[in-house]
Amino acid sequence: MDFNLSDTQQQYVDMVRKFVKNEISPKAMALDKEHVFPISIMKKAWEMGIMNLCIPDSVKGYEVDVVSTALIIEELSYGDTGISTSAMCNDLANVVIVQHGTEEQKERFLRPYVDEPLFASFCLTEPGAGSDNMAMTTFIKKKEDGGYLLNGAKCFITNASYADQFTVFCKVGKPTSNFMACVIIPCPPEARLAPDADVHAGREILLPAGGKIIIGKPEEKLGQTLSNTASVTFEDVVVDEDQIIGDRRRGFMYMVDVLDYARPMVAAIGVGLAKRAFDVTLDYTRERRQFGQKISDMPVARDMLVAMWKKCELAEMALMKAAVKVQERAPDRGVYASLAKNVAAEAAIFCATEGLHLHGGYGFIAEYEISKLARDAHIIDIYEGVREVQNMIIGREIA
Ligand SMILES: Cc1cc2nc3c(=O)[nH]c(=O)nc-3n(C[C@H](O)[C@H](O)[C@H](O)COP(=O)(O)OP(=O)(O)OC[C@H]3O[C@@H](n4cnc5c(N)ncnc54)[C@H](O)[C@@H]3O)c2cc1C
């Protein structure tokens, strides 16, 4: 086992760190206040090659390994977790094509992401099917003249207002079917969003093959305000056979594969945020003096800084183990993906909460970054499966 980064991995870390320092950190607080999706930052991330990390060599001409992917997302998250969530979401949506698509599907559905800075959405959650995703009712039904019609409503979908392609998990035949499929719904280029489009009222996409996609108004969120989240409804969307990934009855298995890949990436988001909260708090407590000394020198406060540092380090170790397991496609990768996600979410919430406390009253004031980090941290324990779902997966494996 080797804890040293390769030269390439170190170059990725250095490059993203510089990007965060120059392009994200100086703007994140103001953008958070305005609650805007930072298109220009996302485009720069795409130009630098730190988006669409799962796209294989056969389409992109080079490949980024899973450990490097985790490092890139961690560094990006140190700048802002709304931005890293938006960037990572393209991989969340597209990795199923990499894992289970045909070469033609890879070329058709992934190539546009290499050629242009586009966004993708992963559509799993529904109003009545959150943790229990088998309860979903969105479904495809065969048409008499071949092909399928897709109908149903998804909620809380990241990137939805800006997405050019939707990866949709749905039932087969009827809403209560036991079979799940995964279908890809690309938008035609003419339906792409104009760069200056206002998405606040929602958006309707008419598809040339038939049917429409209705995107709801972007959600107003507690945190991660730089990411976009909206509902997505599919109305009589025509789906051809070649838009179905793999076997149309094995979607549940494909979803598990996607989440095994993506949960370490959420863990990377958690580690990035936890480290930021620790650094911001360390800086503050080294400056702030009470009782004639720096807060960082007071034993009880220092104990808390130590506890925060330990959470960061342990979460990073869990993240790296999970990333290696996913990279090697180890049979037990799922349990380590869940472990990393839980531990990193806990580290993020702990460091942000205790960091805020160590700021005293200033931590509660919006202009102090720790208050933003405290708002941003909570979702890490929720999206891609709440803490209890990860524990369920771990429990099944170990007991
Ligand atoms: C900002 C944001 C972005 C998101 N992005 C996406 C996206 O891009 N694509 C997508 O498909 N979804 C997305 N989601 C949805 C997210 O994955 C779900 O919100 C999450 O899986 C939880 O589902 P739920 O909200 O329905 O909560 P519920 O399933 O209703 O759970 C509520 C609570 O019940 C408890 N609970 C649930 N199940 C169990 C159990 N088995 N045992 C014990 N307790 C349990 C837990 O305490 C849990 O927190 C996003 C959500 C948000 C808020």
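Of the residues Leu207, Leu226, only one is buried (at least 17 other Cβ atoms within 10 Å of the Cβ), of a type in the set (A, V, I, L, M) and out of contact with any strand residue (DSSP E or B) (no Cβ under 7 Å at 6 or more places or on another chain); which?
Within the list Leu207, Leu226, the selection yields Leu226.
Is one or more of the residues making up the stretch 273-289 more than 27 Å from Ala30 (Cα to Cα), outside the structural domain of Pro26 (by TED's automatic domain parsing) and either of a type outside the set (Gly, Ala, Ser) or assigned to a loop (DSSP other than H, G, I, E, B) (or both)?
Scanning the stretch 273-289, I find at least one residue that is more than 27 Å from Ala30 (Cα to Cα), outside the structural domain of Pro26 (by TED's automatic domain parsing) and either of a type outside the set (Gly, Ala, Ser) or assigned to a loop (DSSP other than H, G, I, E, B) (or both), so the answer is yes.
Tell me, yes or no, whether the stretch 364-377 has at least one residue that is touching a Leu at 6+ places or on another chain (Cβ under 9 Å) and outside any helix (DSSP H, G or I).
Scanning the stretch 364-377 turns up at least one residue that is touching a Leu at 6+ places or on another chain (Cβ under 9 Å) and outside any helix (DSSP H, G or I).
Only one of Ile55, Ile72 is away from the ligand (no atom under 16 Å from the Cβ), under 18 Å from the mean Cα position of the chain (by Cα) and over 24 Å from Ile349 (Cα atoms); which?
Ile55
Let me spell it out: the conditions are (1) closer than 15 Å to Thr167 by Cβ; (2) without any contact (Cβ under 8 Å) to a residue 24 or more places away in the chain, and Glu144 meets all of them except one. Which number is the exception?
Every condition holds for Glu144 apart from (1).
Can you tell me which residue in the stretch 169-191 is nearest to Met253 (Cα to Cα), limited to those that are within 22 Å of the chain's Cα centre (by Cα) and away from the ligand (no atom under 16 Å from the Cβ)?
Pro186
With respect to Ile213, is the statement that it is modelled with pLDDT of 95 or more, aliphatic (A, V, I, L, M) and more than 27 Å from Tyr78 (Cα to Cα) true?
For Ile213, the condition - modelled with pLDDT of 95 or more, aliphatic (A, V, I, L, M) and more than 27 Å from Tyr78 (Cα to Cα) - is met.
Of all the residues that make up the stretch 11-23, how many are exposed (fewer than 13 other Cβ atoms within 10 Å of the Cβ) and either within 18 Å of Leu53 (Cα to Cα) or at pLDDT below 95 (or both)?
Matching residues across the stretch 11-23 total 2.
Can you report the number of residues in the stretch 204-247 which are in a loop (DSSP other than H, G, I, E, B) and farther than 30 Å from Ala70 by Cα?
Adding up the residues that qualify gives 8.
Kindly evaluate Ser296 against the criterion of being among the hydroxyl-bearing types (Ser, Thr, Tyr), within 16 Å of the ligand (Cβ to nearest atom) and not assigned by TED's automatic domain parsing to the domain that holds Lys33.
No: the conditions fail for Ser296.
The values are calculated or read from the model by the stated rules, or taken from the named source; none is laboratory data. As the structure is a prediction and not an experimental result, all values here were calculated from the model. So basically every Cβ, Gly included, is an ideal-geometry build from the backbone, and we count neighbours across all protein chains shown.
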